[in-house]
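Asks: Could you have a look at this structure, given as structure tokens, before my questions?
Only the coordinates and a few stated rules stand behind these numbers; no lab work does. What you see is a predicted model; the values in this text were computed from it and never measured. A quick note on method: Cβ atoms are made from the backbone with ideal geometry, for glycine too, and the neighbour counts reach across all protein chains shown.
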Amino acid sequence: MKKRPLPVSKLVSVIEELSIVRARDLAKYRIHPEVIKRAFARALIVKIGRGIYTRKGLAMNMERQILLAVKRVPHGIVYLESTLMFHRLLPTGAGPIWLAIHPKARKPVVNGQLIRFVRFGGDPLT
């Protein structure tokens, strides 16, 4: 008989693999929201924003900051200096993360992270 992994250990392994996850994205891994609450209460994972979790001891370098910004603004596209820093074509700095969004999109509320938005439509956005 094949042994199934415990839900909390499955959650921790998914977060280890993806680094940063949104609670709503864990449904495709068949992880119930109660499992997230239990893992957070046992300090196995860290909550870094509303519905966004990561593993303990994650260093927040520029790549992780960009990843966090994309998780917070799922329809945003990494733009300008942020893209160049991600690909190491520019030295990383402590500047804002630049994201392009649709002109009619509501500007996301992002607390605790410096994000600048530009608006593009049609082909320039893609």
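Asks: Tell me which residues, restricted to region 49-61, are more than 22 Å from Leu6 (Cβ to Cβ), outside any strand (DSSP E or B) and either of a type in the set (Lys, Arg) or touching a Gly at 6+ places or on another chain (Cβ under 8 Å) (or both).
Replies: The answer is Arg50, and nothing else.
Asks: Just a yes or no: is a residue in region 73-93 surrounded by 16 or more Cβ atoms within 10 Å (Cβ to Cβ), within 30 Å of Pro7 (Cβ to Cβ), within 13 Å of the chain's Cα centre (by Cα) and aliphatic (A, V, I, L, M)?
Replies: Yes, because at least one residue in region 73-93 is surrounded by 16 or more Cβ atoms within 10 Å (Cβ to Cβ), within 30 Å of Pro7 (Cβ to Cβ), within 13 Å of the chain's Cα centre (by Cα) and aliphatic (A, V, I, L, M).
Asks: Also, quick follow-up: Filter region 3-48 down to the residues that are part of a loop (DSSP other than H, G, I, E, B) and among the small types (Gly, Ala, Ser), then identify the one that is surrounded by the fewest Cβ atoms within 10 Å (Cβ to Cβ). If you could, list the steps in order and put the result at the bottom.
Replies: So in region 3-48, the residues part of a loop (DSSP other than H, G, I, E, B) come out as 3-6, 19, 30-32, 42-44.
Those still in the list that are among the small types (Gly, Ala, Ser) too: 19, 43.
Details: Ser19: 14, Ala43: 8.
Among residues in region 3-48 that are part of a loop (DSSP other than H, G, I, E, B) and among the small types (Gly, Ala, Ser), the one surrounded by the fewest Cβ atoms within 10 Å (Cβ to Cβ) is Ala43.
Asks: Residues in region 75-93 that are in a loop (DSSP other than H, G, I, E, B) and touching a strand residue (DSSP E or B) at 6+ places or on another chain (Cβ under 8 Å): how many? Lay out the reasoning, then the answer.
Replies: Kept after step one, since they are in a loop (DSSP other than H, G, I, E, B), are these residues of region 75-93: 75-76, 79-80, 87-93.
Now drop any that are not touching a strand residue (DSSP E or B) at 6+ places or on another chain (Cβ under 8 Å), which leaves 75-76, 79-80.
Count: 4.
Asks: Give the residue that is farthest from Gly122 (Cα to Cα), with candidates limited to residues of region 75-92 that are in contact (Cβ under 8 Å) with a residue 24 or more places away in the chain and not polar (S, T, N, Q). Step through it out loud before you land on a result.
Replies: Of all residues in region 75-92, those in contact (Cβ under 8 Å) with a residue 24 or more places away in the chain come to 75-77, 79-80, 86, 92.
Imposing the further condition that a residue be not polar (S, T, N, Q) reduces the set to 75-77, 79-80, 86.
On the way: His75: 14, Gly76: 14, Ile77: 13, Tyr79: 15, Leu80: 18, Phe86: 24 Å.
Taking the candidates together, the pick is Phe86.
Asks: Shifting gears a bit: Could you run through region 49-72 and say how many residues are in contact (Cβ under 8 Å) with a residue 40 or more places away in the chain and closer than 21 Å to Gly93 by Cα?
Replies: So the count comes out to 7.
Asks: Still on this structure: In this structure, does Leu99 turn out to be surrounded by 15 or more Cβ atoms within 10 Å (Cβ to Cβ) and part of a strand (DSSP E or B)? Give the derivation first.
Replies: Working: surrounded by 15 or more Cβ atoms within 10 Å (Cβ to Cβ): yes; part of a strand (DSSP E or B): yes.
Against the criterion (surrounded by 15 or more Cβ atoms within 10 Å (Cβ to Cβ) and part of a strand (DSSP E or B)), Leu99 qualifies.
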